[in-house]
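The values are calculated or read from the model by the stated rules, or taken from the named source; none is laboratory data. Worth saying up front: this structure is predicted, and the values here are computed from it rather than measured. For neighbour counting, all protein chains shown are included, and Cβ atoms are generated from backbone atoms with ideal geometry for every residue, glycine included.
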Amino acid sequence: MRYSKLFGRTSKEAPHDADSVNARLLVQAGFINQLAAGIYTYLPLGLRVLSKIKTIVREEMNVVDGQEVLMPALIPKAPWEATKRWHAIDVLFKLKGAGDKEFALGPTHEEVVTPLVQQYVKSYKDLPVSVYQIQDKFRNEARAKSGLLRGREFAMKDMYSFHTSLQDLEQYYDRVKQQYLSVFSRCGLNAIVTEASGGVFSKYSHEYQVATPSGEDLIYQCDQCHWAVNREIAEVKDGDVCPTCTKGSIHEIKAIEVGNIFKLSTRFADDFGFHVTLEDGSAGQVWMGCYGFGPSRVMGSIVEVHHDDVGMIWPKSVAPYHVHLVSLSHKDESVQSRIDEAAQELHDELTASGVEVLWDDREDVRAGEKFADADLIGIPLRLVVSEKTLKEEAVEWKARHEKDTRLVRIDEIGDEVTAWLAAPERLTSHG
């Protein structure tokens, strides 16, 4: 992709109303555009990141036998009345359609998925089953803030599992709980499984928290066994002995919640009269679990965790492109021609081998501006072609998270990039 043709541009000025790192950098780097508070357009660079996160989620949910569906975002009033949540959910966007029929825009989908599964599941032989969707959700937040971390419209993966017993639910819940760690790891985040209130459904639910100084949540974690609990239900404080292992010390940590899972018990199935015929012919209850993951929130969290003073530092797995190729301008036309030709050949070679390349081919733009844009955008590998590198028959190589540069021979660059892509990534938090 030529940068000169890319829709969306970097800005030298940060947005004046950005109240978080992710809001400032994503807007300034041309990844998203704010339409209103908590409502964003994803520009090509941002959409590529969001799509990669969604792909990771799909792959990992398929591992735990999740099946993807897509449910309506526009939900009639009747299901909400069946669960007594029409007035109970204070962030519900409500609207009237033709004939004064009332609807809500879905912030969550228990009211849709429960009767949906009920139509197809009649016997214990049909369970367990788990369905998920990746869809935009809507919440009428009183104060949308922190960029992609708290929006009024946002991407969500919500998965719902259905079981014939609490024991089966708990076994599946534990499978998903572990699989979520793989999702976050692949996204470049070190998530902490944190106990939180289970509300009316169970004693505990579990949040996935990422430690960062910019976090809005406070959690307490043991430095030995790594048990963690949200401050809102904590019976411990900073410096206490861990109540789980009785050896470690509890430490207070600022963090961002990036996902959560709940055991819903039989609450929603009971509301819709959803029962199944058991093996002995009797009617059995249906037990449900709910597993939430916000791709857009995770995108914002990655920026909060992985950035420095000059821009973002994307993990290879979710970066908009693998390589940021920069060809420097030269006043001599013949030299410029050789630079452009070498850059074009390198772009074509890497692209043909499956490497995603953003080529900054802009003319009459100084090297310093191109480098500043590359740092801001945060693609993990920068390759520079210039008169200086061509004299060495080489390309300048610089990883975004490193300070040093080195020269790599042009005839070796393909193999070097392939090996770099395949190598494990070791990013540290910069947030």
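Can you tell me which residues in region 1-49 are within 25 Å of Ser317 (Cβ to Cβ) and either of a type in the set (Val, Ile, Thr) or over 22 Å from the mean Cα position of the chain (by Cα) (or both)? Result: Met1, Arg2, Tyr3, Leu6, Phe7, Thr10, Val21, Val27, Ile32, Thr41, Val49. Ser317 meets the conditions (1) within 30 Å of Pro115 (Cβ to Cβ); (2) under 18 Å from the mean Cα position of the chain (by Cα) in every case but one. The failed one is (1). Note on region 188-204: among residues that are touching a residue at least 60 places away in the same chain (Cβ under 8 Å) and either touching a Lys or Arg at 6+ places or on another chain (Cβ under 9 Å) or not assigned by TED's automatic domain parsing to the domain that holds Asp271 (or both), the one that is surrounded by the most Cβ atoms within 10 Å (Cβ to Cβ) is Gly188.
Considering (1) crowded, with 19+ Cβ neighbours inside 10 Å; (2) out of contact with any His (no Cβ under 9 Å at 6 or more places or on another chain), the lone condition that Ser165 does not fulfil carries the number (1). Taking region 241-258 as the range and being among the hydrophobic types (A, V, I, L, M, F, W, C), surrounded by fewer than 18 Cβ atoms within 10 Å (Cβ to Cβ) and assigned to a strand (DSSP E or B) as the test, only Val241 passes.
Pick out the one residue from Gly99, Gly147 that is surrounded by fewer than 18 Cβ atoms within 10 Å (Cβ to Cβ) and of a type in the set (Gly, Ala, Ser).
Going through Gly99, Gly147 in turn, just one is surrounded by fewer than 18 Cβ atoms within 10 Å (Cβ to Cβ) and of a type in the set (Gly, Ala, Ser): Gly99.
Taken together, the criteria exclude Ile261 from residues that are assigned by TED's automatic domain parsing to the domain that holds Asn190, surrounded by 19 or more Cβ atoms within 10 Å (Cβ to Cβ) and over 24 Å from the mean Cα position of the chain (by Cα).
The rows are residues; the columns are (1) at negative phi; (2) among the aromatic types (Phe, Trp, Tyr); (3) in contact with a Cys (Cβ under 9 Å, 6 or more places away or on another chain).
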{"position": "Gly38", "(1), (2), (3)": "no, no, no"}
{"position": "Thr41", "(1), (2), (3)": "yes, no, no"}
{"position": "Pro44", "(1), (2), (3)": "yes, no, no"}
{"position": "Ile53", "(1), (2), (3)": "yes, no, yes"}
{"position": "Arg58", "(1), (2), (3)": "yes, no, no"}
{"position": "Asp65", "(1), (2), (3)": "no, no, no"}
{"position": "Met71", "(1), (2), (3)": "yes, no, no"}
{"position": "Ala78", "(1), (2), (3)": "yes, no, no"}
{"position": "Ala82", "(1), (2), (3)": "yes, no, no"}
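Restricting Ala319, Ala352, Ala342, Ala367 to those that are closer than 28 Å to Asn22 by Cα, surrounded by fewer than 19 Cβ atoms within 10 Å (Cβ to Cβ) and small (Gly, Ala, Ser) reduces the list to Ala367. The requirement of being crowded, with 20+ Cβ neighbours inside 10 Å, over 16 Å from the mean Cα position of the chain (by Cα) and outside the structural domain of Ser130 (by TED's automatic domain parsing) is not satisfied by Gly289.
When each of Leu346, Leu325 is tested for being in a helix (DSSP H, G or I) and not charged (D, E, K, R), the lone residue that passes is Leu346. Checked against (1) part of a loop (DSSP other than H, G, I, E, B); (2) closer than 24 Å to Leu45 by Cα, His330 passes all but condition (2).
Ser185 falls short on exactly one of the conditions (1) surrounded by fewer than 21 Cβ atoms within 10 Å (Cβ to Cβ); (2) closer than 26 Å to Phe272 by Cα, and that condition is (2). Which one is farthest from Val176 (Cα to Cα) among residues in region 207-222 that are of a type in the set (Val, Ile, Thr) and in contact (Cβ under 8 Å) with a residue 40 or more places away in the chain? In this case the residue turns out to be Thr212.
Scanning for something over 25 Å from Ser51 (Cβ atoms), at pLDDT 95 or above, surrounded by fewer than 23 Cβ atoms within 10 Å (Cβ to Cβ) and of a type in the set (S, T, N, Q), does region 154-162 turn up at least one residue? The answer is no; no qualifying residue exists. Being farther than 20 Å from Lys263 by Cα and small (Gly, Ala, Ser): is that true of Ala78 here? Taking the combined requirement at face value, the residue satisfies it. Against the criterion of being in contact (Cβ under 8 Å) with a residue 60 or more places away in the chain, charged (D, E, K, R) and farther than 26 Å from Lys52 by Cα, Lys263 qualifies. Taken over region 264-285, the residue count meeting the criterion of being loosely packed, with under 14 Cβ neighbours inside 10 Å and more than 20 Å from Val112 (Cβ to Cβ) is 5. Of Glu356, Glu345, Glu393, Glu341, all but one fail to be of a type in the set (D, E, K, R), at pLDDT 95 or above and in contact with a His (Cβ under 9 Å, 6 or more places away or on another chain); the exception is Glu356.
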